[in-house]
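**Student:** First the structure, which I've put down as structure tokens, then a few questions once you've had a look.
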Amino acid sequence: MALHINPFAVLVAAVSMFLVGGLWYSPLLFARPWMAANGFTEQSLRDKGGMGRVFAGSFVLALVSAANLAAYLGGPETTAAWGATAGALAGVWIIAGLGIIYLFEHRTLKLFVINAGYFAVSFPLMGLLLGAWR
């Protein structure tokens, strides 16, 4: 079976995940509770430095995620609705994996909900874009 993957759609889907993350973890939404749950302050984050590496690495991983989802949705019968559904289902796998790690690391439910919510939003959006832009 030949895969139908639009490389521009993969790039746009990766950008969408990156932008959702930028908004999700911004002061407009969850930056403050996320920082508190991690024990971070604005100063401690500045002191860690390397934000260029963090953003570049995050974008590369968003691109890998988008390409993987695109390959999964590569059949000719894929639609926007199936793309969003498959993205949501992929998000469930990620959220469950995070949950297992968070349980063993004794992380807070608050941090889990913030981070899991990011994947619950970004993956269906990526799937929608990939399914719609064939």
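The values are calculated or read from the model by the stated rules, or taken from the named source; none is laboratory data. A quick note: this is a predicted structure, and the numbers were derived from the prediction, not measured. Using ideal geometry, Cβ is built from the backbone for each residue, glycine included, and neighbour counts are taken over all protein chains shown.
**Student:** Just give me the residues in the stretch 101-126 being more than 11 Å from the chain's Cα centre (by Cα) and assigned to a helix (DSSP H, G or I), in sequence order.
**Tutor:** Across the stretch 101-126, the qualifying residues are ILE101, TYR102, LEU103, PHE104, GLU105, LEU109, LYS110, LEU111, PHE112, VAL113, ILE114.
**Student:** Output the helices (runs of 4 or more DSSP H) that fall wholly within the stretch 3-86 and possess 1 or more residues being modelled with pLDDT under 95, or say none.
**Tutor:** Numbers: elements: 7-24, 31-38, 42-48, 51-72.
Once the helices (runs of 4 or more DSSP H) in the stretch 3-86 are filtered for at least 1 residues that are modelled with pLDDT under 95, what remains is 42-48, 51-72.
**Student:** Right, next: Suppose we filter the stretch 1-23 for residues that are under 14 Å from the mean Cα position of the chain (by Cα), in contact (Cβ under 8 Å) with a residue 60 or more places away in the chain and either more than 30 Å from HIS106 (Cα to Cα) or surrounded by fewer than 16 Cβ atoms within 10 Å (Cβ to Cβ) (or both); how many remain? Lay out the reasoning, then the answer.
**Tutor:** At the first step, the residues of the stretch 1-23 found to be under 14 Å from the mean Cα position of the chain (by Cα) are 10-23.
Now drop any that are not in contact (Cβ under 8 Å) with a residue 60 or more places away in the chain, which leaves 10, 12-14, 16-17, 20-21.
Subsequent filtering for residues that are either more than 30 Å from HIS106 (Cα to Cα) or surrounded by fewer than 16 Cβ atoms within 10 Å (Cβ to Cβ) (or both) retains 10, 12-14, 16.
Matching residues across the stretch 1-23 total 5.
**Student:** Follow-up. Tally time: how many residues in the stretch 75-96 are β-branched (Val, Ile, Thr), closer than 13 Å to MET126 by Cβ and under 14 Å from the mean Cα position of the chain (by Cα)?
**Tutor:** Number satisfying all stated conditions: 1.
**Student:** Turning to a different aspect of this structure: Just checking, which of GLY83, GLY97, GLY131 is closer than 26 Å to ALA31 by Cα and small (Gly, Ala, Ser)? It would help to see each step written out before you state the result.
**Tutor:** On the way: GLY83 fails: closer than 26 Å to ALA31 by Cα; GLY131 fails: closer than 26 Å to ALA31 by Cα.
Only one candidate passes the filter, namely GLY97.
**Student:** State all residues of the stretch 112-132 that are out of contact with any Gly (no Cβ under 9 Å at 6 or more places or on another chain) and either of a type in the set (D, E, K, R) or surrounded by fewer than 19 Cβ atoms within 10 Å (Cβ to Cβ) (or both); if no residue qualifies, say none.
**Tutor:** Passing the criteria: VAL113, GLY117.
**Student:** Please work out if TRP93 is among the aromatic types (Phe, Trp, Tyr) and surrounded by fewer than 14 Cβ atoms within 10 Å (Cβ to Cβ).
**Tutor:** On the way: among the aromatic types (Phe, Trp, Tyr): yes; surrounded by fewer than 14 Cβ atoms within 10 Å (Cβ to Cβ): yes.
Yes, satisfied.
**Student:** In contact (Cβ under 8 Å) with a residue 24 or more places away in the chain, buried (at least 16 other Cβ atoms within 10 Å of the Cβ) and not in a loop (DSSP other than H, G, I, E, B): does that describe LEU98? Give the steps one after another, and end with the answer.
**Tutor:** Numbers: in contact (Cβ under 8 Å) with a residue 24 or more places away in the chain: no; buried (at least 16 other Cβ atoms within 10 Å of the Cβ): yes; not in a loop (DSSP other than H, G, I, E, B): yes.
Considered against the rule, which asks whether it is in contact (Cβ under 8 Å) with a residue 24 or more places away in the chain, buried (at least 16 other Cβ atoms within 10 Å of the Cβ) and not in a loop (DSSP other than H, G, I, E, B), LEU98 comes out as no.
**Student:** Take the residues in the stretch 24-74 that are among the hydroxyl-bearing types (Ser, Thr, Tyr) and under 13 Å from the mean Cα position of the chain (by Cα), then tell me which one is farthest from TRP93 (Cα to Cα). Write out each step before concluding.
**Tutor:** In the first step, residues of the stretch 24-74 are kept if they are among the hydroxyl-bearing types (Ser, Thr, Tyr); the result is 25-26, 41, 44, 58, 65, 72.
Restricting the remaining residues to those that are under 13 Å from the mean Cα position of the chain (by Cα) gives 25, 58, 65.
Details: TYR25: 21, SER58: 19, SER65: 13 Å.
Within the stretch 24-74, the match that is farthest from TRP93 (Cα to Cα) is TYR25.
**Student:** Something else: Just checking, how many residues over the stretch 43-71 are closer than 19 Å to LEU129 by Cβ, out of contact with any Ser or Thr (no Cβ under 9 Å at 6 or more places or on another chain) and not hydrophobic (A, V, I, L, M, F, W, C)? Quick ask: steps written out before the conclusion?
**Tutor:** So the first thing to find is which residues in the stretch 43-71 are closer than 19 Å to LEU129 by Cβ, and the list is 58-71.
Applying the additional criterion that residues be out of contact with any Ser or Thr (no Cβ under 9 Å at 6 or more places or on another chain) yields 58-61, 63-64, 67-71.
Subsequent filtering for residues that are not hydrophobic (A, V, I, L, M, F, W, C) retains 58, 68.
Here the count works out to 2.
**Student:** Same structure, new question: State which residue pairs qualify: first residue at negative phi and inside the stretch 35-62, second residue in a helix (DSSP H, G or I) and β-branched (Val, Ile, Thr) in any location, beta carbons under 8 Å apart, and separation of 6 or more residues or different chains.
**Tutor:** Hits for this filter: ALA37/ILE114; ALA62/VAL15.
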